[in-house]
Every structure is written in structure tokens, then in C-alpha cells.
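The values are calculated or read from the model by the stated rules, or taken from the named source; none is laboratory data. Since the structure is predicted, the reported quantities are computational estimates derived from the model, not experimental observations. Glycine gets a Cβ as well: all are built from the backbone with ideal geometry, and neighbour counts include every protein chain shown. For the accessible areas, the whole protein counts, side chains as well, though only heavy atoms, and no ligand, DNA or RNA atoms are used. Shrake-Rupley method; radii C 1.70, N 1.55, O 1.52, S 1.80 Å.
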2 protein chains.
Amino acid sequence: MGTGIGKMILTKVGIEIVGALDKAPSKLGKDLGQILNVDNMGIIVSDDAETLIKETKADIVILTTNSFVKSVYPAIKTITENGKNCITIAEEMTYPFAVEKELSKEMDRIAKENNVTILGTGVNPGFVLDTLIITLSSSCRNVASIRAERINDLSPYGPTIMRTQGVGLTIEEFEAGIENGSIVGHIGFAQSIPMISKALGLEYDEITQTLEPIVSNTHRETPCVKVKPGMVAGCEHRAVATKNGKQIITLEHLLQIHPECEAVETGDYIYIKGDSDLHLSIKPETPGGIGTIAIAVNMIPQVIASRAGLKTMMDLPIPHNIENSFAEQVNYYKG
Amino acid sequence: MGTGIGKMILTKVGIEIVGALDKAPSKLGKDLGQILNVDNMGIIVSDDAETLIKETKADIVILTTNSFVKSVYPAIKTITENGKNCITIAEEMTYPFAVEKELSKEMDRIAKENNVTILGTGVNPGFVLDTLIITLSSSCRNVASIRAERINDLSPYGPTIMRTQGVGLTIEEFEAGIENGSIVGHIGFAQSIPMISKALGLEYDEITQTLEPIVSNTHRETPCVKVKPGMVAGCEHRAVATKNGKQIITLEHLLQIHPECEAVETGDYIYIKGDSDLHLSIKPETPGGIGTIAIAVNMIPQVIASRAGLKTMMDLPIPHNIENSFAEQVNYYKG
């Protein structure tokens, strides 16, 4: 993701990459240009975060290392204590308050003390199953319940994703993977639901999550996995927030390889029930990798211009693509 | 619309109506409760804006009188000079800078001087063909062009809308109506296009608008109009922003009675072309009247908490429905 973000920034104006951090031996010590497939940039990939962040003049650091608040917290601390804003695609950071209350308070405190802003974002969590739902709800006078579904295609992904989503396993192996925690499904429901709830003031008592195998009836294959009929092609991850036993917010994510083998159409679907019902679809689905890269980069101006603190997508001006100068965009939001 | 907004506010907590203005003889001098179909509220509908706004303690005034900047400017001046925030559903106010540069500067100045905020919003312009497009674009790394279409059903509307959209006319009468300005089509393209362009930094040279009759092949009828085959059932209003002759932003609004008579499905459709294409649909369309009422009321907290000035939907935190206390929401945004 870091490489994708770097490549995107190279195509933009009014924004410049001034440093790069990566521990991977394939990148460490190389000129960033080699990694981004351009001429040498005079930026050597470092693994010394502390020094690089301290000694480099930068407005913002984009952090793409890990999914969890606890894991990215030390890096966010270093970034913000050195007076840099931070955007991270760590899934839990899109709404960290629910899972890590104390660390969230601490990050907010450090950000305010250093007059910078922290934002967690991405395509999901961060956009499809939270920001977009929240935005759509604005044309409702009242909302009784929300159901949304994201059906995507895992085929382009590598072996790590196949493993964490259980692709290519038998049903027994899948069940064992759930048991031992190696199959995680989608990370983000515990952020998207609280964010929707907070934005709309839509209360719930508890969230129940289920993770079921999608058992294939057909042969499906990618360069890194083979799925025979009767084996697992992916997983169906569902989170339901209930109030007095009634479903208030239901989010579903169906992740599998080659959904077209069984005539499953990929897409993002939102159903809002209220005094007027709304049905939104995006077909095919908002792309996962590209979408996350895009939103992380596109939110830079809003984050730099924001009041200091730990923010979420619901706190900042509406997100959008940027075709003009990023510097101009920052000046616009600073007013 | 004012009545609808009043009724919606009555169902909400942490917000209270403290005054009502209307010149219509059917409302003037009556208790507002009678108009909103509830018990007397102790609020008498006045037509003396100056006095009421001056002497009433209020955080915000919602203005629902007219479509044009020039027409609502005097009311906005009175409201803001008396230290009240203002939300208006005047279509041109959703992005007034393009059509009324000087008045926009003046409103921004007055708002800042009095530390209040002005926002123009509504379902369209204000949401479907601008805010939603802008928001969706955030998951694109780049955007080459945008096409969006709103197809709605005019059947529930009264004689004024039928007249301004040319419903029930012959083709000749429709053409004469375009000529003499009595048929206006959709008001909002001259706001939505500049807003999208400003948000994304997507440049264009000029906007061309066309307004064509939708000629009916079937008999269509509402309580206030009859359309025989060969007559006009509504209009197709299109605005195209071009750059060097290439279509950059194309917005279309098809307004007609009983579109189902000719198997036309109502809906909102957005197509973004870039390095990844996105197709969004909302079927049936986001409701017009309810949607405008909802967005105007739902934006109250963001407007009250905003920095002072003349703002648009692209400047404020993402819009959303509100099920909890409006006062709590204001406190949240004030941080």
C-alpha cells in the first residue's frame, strides 16, 4: 500500500515526497525512485523512523504498516510528537475509541499538544460501510435501521489474504482457523458500527459478529490458490448491532475468489430504513486497494488544515478526489 | 417546505422552534401548532421578519422562501446581522459564488462580522448531483470525467411545478415557454457543476445547458394535469461542462409525471470515469421534498458549530441523519 500511495502522489501537484520508511530488505537502502519505477529521487528508504521523522521537514506522514491501534500507536506517537500530521490506513484507527479508549485519549492529547491531526481512513473501514452510509442518511428525516453489504473479489490478492480469509481450505480447516484466530475475515465492523452510531446518534446494546465459510460449488483458481468444489472460496463476515433484540445496524462483507463462478455480482449495497427508504448500489464494488490508496492521499488537505486532535471521517469536510494542487487545497480549507 | 421542516423539528430532541415567519394569509397570525397539526405552541406566525429576528433568541433561522440569491439576500442580511446562523434551501445558495460573486462576498463578510455561518443546501442542488458525487470521487486516484443523472417523478407536485416544468403543454407551447422563460427546468446545475469543479479541482471552460420536452407516448394524469399522447409529460434538462471541447462534467435531470407509464425507472445515477470507474445508483431516487427537508434540518449542528462565513456542503463535516439530541450534536462539533 505504501508503494501505491507513493506512486499516486508522484502523479499529483503541490505535494512532494520527502522521505520513505520501510524495513523490508527488498526496499531498505534503495532509492525510492527504484521502488516507484521512476528515476532516482534522492530519497533513500530508511528503517530509522525516529531519526527520519525528527530530521525531515514534512507536513504529514502516511502510515501503512498494520491494522491495529496497539501496533501503530508507537509510530503515531513518534510522528505526532515530532509535529507531523498523520494519516493511517490501520483499520482500527478509523474509529479507535471503541476498541482502545485509553490509547485514543492519549493520541488525542499528544496530537493537540503538538498541534497536529491524526486520521484513520481507507475504503473499508473508512468509506463504503461507514462514511458513505452516514452521508446517505442525511436525506432521511429519521432512520430506523441500516443494512449494508460489500461483496468483493479476492482473486487479485496474494497468499496472506488467502490465508486470513480461509480461501482454499476444507470446511474443517476453516473452522479450526476461526478457532485458533488465523482466519480473521474483515477488520472494521467494530469501527464502522460505532462510527455510524455516533454520527447518527443511533443507539445499540451490543454487536454480534459471525464468520461463515463460503463453500464453493465450482472449481475456482487464482495464481496462488486452488479451490475444488466443496472447499472454501472465501468467507461471509457479518456484524449485527441490536437494540432490545431488534437489528439496528447490520453490516456484511462477503470476501471470496472468483464470485462470478457462481453468478455472484460484486458490489456495495446500502439499505436505509426510515420514513423514506433508500437503496444505494455501487456495481462493481468500490475497488479495495485503489480505493484505500486514493482516500488516504485525497484526505491529506483536510487533515493538514483540521483543528488538532485525533479525528475520524465524520469530523472532517467531505472527502473528494483532487485534480489540482494539494497546496491550494490546504490553503482553501485553512480559509 | 417550511411546514415540513417545522414538523420534522417537532419530532426531534435538543432543538426547539422559537418563532415562525410567513406572509401567506392562510398562516399569518395563526398559532404555529395549528399549521403543524399539533396543540397550540404559543408561537404566532408573524410577517415582521425584522422585529421577530431581532427580538427572538435563536441559534439559527431556516429560510425557505425563494430559489435565487438576489431574492433571499435581504432576508439573509437581516438574519446574520442579528447574530443568527442561517440555513437556506434557496437552490442558488448551495454555491452562490458562481452566479453572484459580489453578493457572496458581502454575505461572507457580514457572516464573519457577526460570527455566524450561512449554508445553502437541499436534496438537489445540495446533495444528489454534487455532495454525493464529490464524496464518491474520494475513492478515485484520478477523475477524467463525471456523468450523473437524476430521474424523478413529478406526479405528487402541484400546479406551480407542472407549469415551470412544462407538464401538460403541447410541444409548441413548451417551446414558447422556454422562449419566454416560464419553463425553467431544474435550478441547480449552475451551482452543482462549479461546486464539483471547485472540490475536485476539475477545470472546465464553459457550461452548456439544454432543456428538451419529454413527449409522452401514453396517457398520463395527475390530480392537477392531464397529458395526452404527443403532449409534454415533463422535461429533460442537461448541463455539460466542457474543457477543450471534451465533456468533463455532465449532469442530467429528467423530470416528468408518471415515468412508469413508459417503463422509465426513477433513480439517481452517478458514473465517474478515472483510473477506476465507479457506477452508483439509488433506486428509486432520493425523495425530493423529504430529502430537502431532512438535509436542511440535519445540517443544523454542523452549521451552528462551524467557523463563521458563507459555507457550502463541501466545507462542512459530512452530512448525516440525527436520532439523538441536536444540542449534543452541536457540542460534539464544537469539540
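A few remarks follow.
- Checked against the criterion of being open to solvent by 20 Å² or more (accessible area, probe 1.4 Å), of a type in the set (G, A, S) and outside the structural domain of B:I304 (by TED's automatic domain parsing), the candidates B:S67, B:S46, B:S71 yield just one match: B:S46.
- The criterion of at least 2 residues that are in contact (Cβ under 8 Å) with a residue 60 or more places away in the chain and among the charged types (D, E, K, R) is met by the following strands (runs of 3 or more DSSP E) wholly inside the range B:261-335: B:267-274.
- Considering residues of the range A:307-328 that are more than 17 Å from the chain's Cα centre (by Cα), facing chain B (nearest Cβ under 8 Å) and open to solvent by 10 Å² or more (accessible area, probe 1.4 Å) only, the residue nearest to A:E100 (Cα to Cα): A:R307
- If you go through the range A:220-260 and keep only what is farther than 17 Å from A:P156 by Cα, of a type in the set (A, V, I, L, M, F, W, C) and part of a loop (DSSP other than H, G, I, E, B), you end up with just A:M231.
- Residues in the range B:6-26 that are surrounded by fewer than 17 Cβ atoms within 10 Å (Cβ to Cβ) and among the small types (G, A, S): B:G14, B:A24, B:S26.
- None of A:E252, A:E221 is touching a residue at least 24 places away in the same chain (Cβ under 8 Å), surrounded by fewer than 17 Cβ atoms within 10 Å (Cβ to Cβ) and away from chain B (no Cβ under 14 Å) except A:E221.
- Helices (runs of 4 or more DSSP H) contained in the range B:23-141 and holding at least 3 residues within 14 Å of chain A (Cβ to nearest Cβ): B:101-113, B:131-136
- Within the range A:269-290, one or more residues are within 30 Å of A:I15 (Cβ to Cβ) and small (G, A, S).
- Condition broken by B:Y332, with the remaining ones in (1) at pLDDT 95 or above; (2) open to solvent by 10 Å² or more (accessible area, probe 1.4 Å); (3) more than 14 Å from chain A (Cβ to nearest Cβ); (4) over 19 Å from B:A148 (Cα atoms) satisfied: (3)
- Verdict on B:T80 being more than 16 Å from the chain's Cα centre (by Cα), open to solvent by less than 40 Å² (accessible area, probe 1.4 Å) and under 21 Å from B:L63 (Cα atoms): yes
- For the range A:116-130, the criterion of a residue being modelled with pLDDT of 95 or more and surrounded by fewer than 20 Cβ atoms within 10 Å (Cβ to Cβ) is satisfied by no position.
- Pair list, Cβ < 9 Å and 6+ apart or interchain, from the range A:189-206 residues that are without any contact (Cβ under 8 Å) to a residue 24 or more places away in the chain to residues that are part of a helix (DSSP H, G or I): A:G201/B:E328; A:G201/B:Q329
- Among the residues of the range B:157-193, those identified as open to solvent by less than 10 Å² (accessible area, probe 1.4 Å) and more than 25 Å from B:V128 (Cα to Cα) are B:F174, B:G177.
- Identity of the residue in the range A:261-282, of a type in the set (D, E) and surrounded by fewer than 19 Cβ atoms within 10 Å (Cβ to Cβ), that ends up nearest to the other protein chains (Cβ to nearest Cβ): A:D275
- Residues satisfying the stated conditions in the range B:142-156, i.e. over 18 Å from the mean Cα position of the chain (by Cα) and either within 7 Å of chain A (Cβ to nearest Cβ) or open to solvent by 10 Å² or more (accessible area, probe 1.4 Å) (or both): B:N142, B:V143, B:A144, B:S145, B:R147, B:S155
- Selected residue [within 20 Å of A:R141 (Cα to Cα) and either of a type in the set (G, A, S) or surrounded by fewer than 19 Cβ atoms within 10 Å (Cβ to Cβ) (or both)] from B:G29, B:G2: B:G2
- B:P317 satisfies every condition listed in (1) assigned by TED's automatic domain parsing to the domain that holds B:S197; (2) under 28 Å from B:S104 (Cβ atoms) except (1).
- In the range B:92-112 there is no residue that is within 19 Å of B:A305 (Cβ to Cβ) and touching an Asp or Glu at 6+ places or on another chain (Cβ under 8 Å).
- Residue satisfying all of: in the range A:283-306; within 7 Å of another protein chain (Cβ to nearest Cβ) and open to solvent by 10 Å² or more (accessible area, probe 1.4 Å); farthest from the chain's Cα centre (by Cα) among these: A:K283
- The listed residues are B:A90, B:A98, and the only one of them that is buried (at least 20 other Cβ atoms within 10 Å of the Cβ), touching a helix residue (DSSP H, G or I) at 6+ places or on another chain (Cβ under 8 Å) and under 22 Å from B:V184 (Cβ atoms) turns out to be B:A90.
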